[in-house]
Amino acid sequence: SILIVDFGSQVTQLIARRVREAGVYSEIAPFTSAQEAFERMQPKGVILSGSPASVLDQDSPRVPDIVFESGVPVLGICYGQQTMMEQLGGSVGLGESGEFGRAYIEIDDSCELFDGLWREGETHQVWMSHGDKVTELARGFRVVATSPGAPYAVIADDDRRYYAMQFHPEVVHTPDGARLLANFVRHVCGLSGDWTMAEFRDTKIAEIREQVGDGKVICGLSGGVDSAVAAVLIHEAIGDQLTCVFVDHGLMRAGEAEQVVGLFRNSYNIPLVHVDAETLFLNGLSGVTDPEKKRKFIGKTFIDVFEAEAKKIGGADFLAQGTLYPDVIESISFTGGPSVTIKSHHNVGGLPERMNMKLVEPLRELFKDEVRALGKELGLPEAFVGRHPFPGPGLAIRIPGEVTKERCDILRKADAIYLEEIRNAGLYDAIWQAFAVLLPVRTVGVMGDGRTYDSVLALRAVTSTDGMTAVAFQFPGEFLARVATRIVNEVRGINRVTYDYTSKPPGTIEWE
Ligand code: XMP
């Protein structure tokens with residue numbers, strides 16, 4: 001295994017992800033408990049993360065001595081490089097201006113870390129982000145790559161197999177970074193690269209058992225992939241100590257509620273409470289047109305209903321949530337400054353405090369595509385785990401203006417046709433998210449010999465890697481025309497269809 005010592009970088013989880021991609025098991029330990037983690041894991045190699053701290057500050061974090069005494073290979077990244085130098089006898093100084101963004105390194109010497117990847121004399125793009133820099137190498141080290149702004153871009157002590165770099169190999173802006181990290185864990189550390197999601201599952205199951213003991217766990221199902229995967233995983237760990245609650249707000253897509261309930265009750269035999277709260281939600285939404293008011297009402301009502309159901313089943317000690325890593329990072333401001341609320345995202349935030357429960361969040365370190373892989377490992381149908389994301393407030397935020405049962409039904413029909421056509425065209429998996437929006441605008445049309453005066457529907461489809469930024473999907477020629485024709489012919493109440501070409505930013509993915 002590999003131990004990743006975390007000094008508080010924003011992207012430490014990406015290092016772990018790259019190591020998992022290389023088929024190697026890793027654990028992240030904060031520097032404060034890294035010694036204990038090292039003793040327990042006996043890792044075959046150690047990676048040191050970056051940090052917002054400066055090694056020049058008093059009491060800035062350090063690598064525990066045991067790491068350098070053990071003789072295992074070590075890879076230092078950014079701050080990791082600087083603290084390595086500081087601790088092994090080199091020195092670090094204040095960079096005049098710092099260096100941020102794309103840079104090009106020249107490979108100056110062959111090095112085991114580059115085997116099969118980079119050669120002397122080549123130039124490669126990397127991503128720099130640092131203020132301080134190494135000013136003097138520790139004994140045994142030599143320079144193996146440089147950039148105009150970084151004379152010590154990569155340094156190596158071949159005998160001890162210590163490597164350190166000033167740039168970040170874990171981010172996508174270092175195109176060969178994933179392969180560089182894979183070279184370290186496999187080639188340098190000698191790990192075989194046969195670790196799989198099956199082992200991740202087993203590790204998490206053991207952790208859940210240990211955390212929960214014989215306590216009771218309750219899990220809110222949203223109909224989405226994340227909460228479903230979390231629930232199935234937890235059920236494998238603790239069986240019927242888990243109860244799932246599915247609050248059906250009536251704002252789901254066509255057939256979705258039935259699908260989730262069927263899957264859990266029939267395929268998995270997981271105890272499931274299905275609360276039909278459509279009337280409650282629609283009554284409360286009557287007359288509400290402001291997007292934030294819709295979101296707040298749905299979020300609050302969801303919590304009310306969930307809490308009442310939890311009481312009925314006799315309470316629980318733990319609340320399970322399908323929180324993913326991007327959810328964790330999004331809730332921490334990147335700049336440390338106050339950030340503006342663009343939309344009040346509705347998950348089941350607010351619940352744990354109100355119900356005084358501890359959280360079980362087994363997916364916290366995973367990214368969306370990894371959750372999908374885990375879902376498949378747990379036997380969830382491919383069509384289910386591959387589903388596009390769907391927002392907690394559901395169709396309510398895809399009906400600008402007032403939400404009524406009638407308008408939900410119209411939207412459901414149109415949305416189903418759009419998605420069916422996307423699936424038939426084999427495009428579903430190429431798109432991050434596709435959906436229809438029913439606009440509060442009516443336009444004039446002609447059908448047969450008659451005049452129509454009906455609603456406009458907007459179609460949206462975007463590609464994205466994490467939902468934070470997105471661009472409109474470019475459908476092939478005839479596709480949108482076919483969808484528009486089908487919708488206007490088959491769905492009463494819609495007589496015009498448009499396509500939304502806005503990217504995010506400046507748009508958001510959802511319309512409200
Ligand atoms: P926006 O519209 O902010 O959406 O660009 C980004 C991604 O988040 C989804 N989304 C939500 N997901 N609860 C959720 O669980 C919410 O309240 C919510 N609002 C938006 C949206 O569908 C897109 O994938």
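Derivation of every value follows stated rules applied to the coordinates shown; laboratory data play no part. All values derive from a computational prediction rather than experimental measurement. Note that we place each Cβ from the backbone using ideal geometry, even for glycine, and neighbour counts take in every protein chain shown.
If only the Cβ of Lys and Arg carry +1 and only the Cβ of Asp and Glu carry -1, the dipole of segment 404-499 around its Cα centre is close to 300 debye. Shown is the FRET efficiency for Asp304 and Thr463, computed with R0 = 30 Å from the Cβ-Cβ distance and rounded to the nearest 0.05: 0.25.
Annotation: for a label point projected 7 angstrom from Cα along Cα→Cβ of Lys44, residues of segment 169-202 with backbone N closer than 11 Å are 185-195. Once both labels are positioned 7 Å from their Cα atoms along Cα-to-Cβ, the gap between Asp115 and Lys293 label points is 6.7 nm. Taking every C-alpha pair closer than 8 Å and separated by at least 6 residues, the mean separation divided by the residue count of the chain gives a relative contact order of 10 percent. Taking θ as phi - 60° and the Karplus parameters 6.51, -1.76 and 1.60, the scalar couplings of segment 416-428 work out to 5, 5, 4, 5, 4, 5, 5, 5, 4, 7, x, 9, 3 Hz in sequence order, x denoting glycine and proline. Each residue of segment 446-458 was assigned a 3J(HN,Hα) from its phi angle through the Karplus expression (A = 6.51, B = -1.76, C = 1.60, θ = phi - 60°), giving 9, 9, x, 9, x, 8, 10, 9, 9, 6, 9, 10, 9 Hz with x at Gly and Pro. Shape summary: segment 378-456 maps onto an equivalent ellipsoid whose semi-axes, from the alpha-carbon gyration tensor, are 29, 17, 10 Å in decreasing order. The phi-based Karplus calculation (6.51 cos²θ - 1.76 cosθ + 1.60; θ = phi - 60°) puts the 3J(HN,Hα) values of segment 60-75 at 6, x, 10, 7, x, 3, 3, 5, 7, 6, 6, x, 7, x, 10, 10 Hz, whole numbers, x for Gly and Pro.
Considered as an equivalent ellipsoid built on the Cα gyration tensor, segment 179-260 has semi-axes of 34, 19, 8 Å, the largest given first.
Projected onto planes of every orientation and averaged, the convex hull of the alpha-carbon atoms in the chain covers 26.8 nm². Can you check what the net charge comes to around Glu39, using other residues whose Cβ is under 15 Å from the Cβ of Glu39 (Lys, Arg +1; Asp, Glu -1)? Neighbourhood net charge equals -2. A simple spin-label model places the labels of Val471 and Arg451 4.4 nm from each other, with each point 7 Å out along Cα-to-Cβ.
Below 11 angstrom from the Cβ of Pro64, what's the summed charge of the other residues (Lys, Arg +1; Asp, Glu -1)? Taking every other residue near Pro64 into account, the sum is -3.
Amide H contacts under 5 Å for Gly95: Asp132, Lys133, restricted to partners 5 or more places along the chain or on a different chain, H placed in the peptide plane at 1.01 Å from N.
Full extension of the chain between Ala430 and Asp317 gives 36.6 nm of extra length, using 0.36 nm per residue less the Cα-Cα distance. Return the inverse of the average 1/r over all pairs of distinct C-alpha atoms in segment 33-81, which is the Kirkwood hydrodynamic radius, in Å to one decimal. For segment 33-81, the Kirkwood estimate is 11.5 Å.
Between Tyr162 and Val74, Asp157, the built amide H atoms are under 5 Å apart, and every one of these is 5 or more places off in sequence or on another chain.
Considering segment 1-159, its Cα convex hull presents a mean projected area of 9.0 nm². When DSSP beta bridges are limited to those with both residues in the chain, what percentage is antiparallel, rounded to the nearest 5? Antiparallel: roughly 50 percent of the beta bridges in the chain. Would you work out which of Gly223, Ala237, Gly250 lies farthest towards the positive end of the dipole of segment 197-385? Charges go on Cβ: Lys and Arg +1, Asp and Glu -1. Toward the positive end, the furthest listed residue is Gly250. Summing charges over all other residues whose Cβ lies under 11 Å from the Cβ of Val462, with Lys and Arg as +1 and Asp and Glu as -1, gives 0. Amide H contacts of Phe167: Cys78, each under 5 Å away and 5 or more positions distant or on a separate chain (H built 1.01 Å from N in the peptide plane; Pro and chain starts excluded). Bridges between two residues of segment 404-499, per DSSP, are antiparallel at a rate of about 75%.
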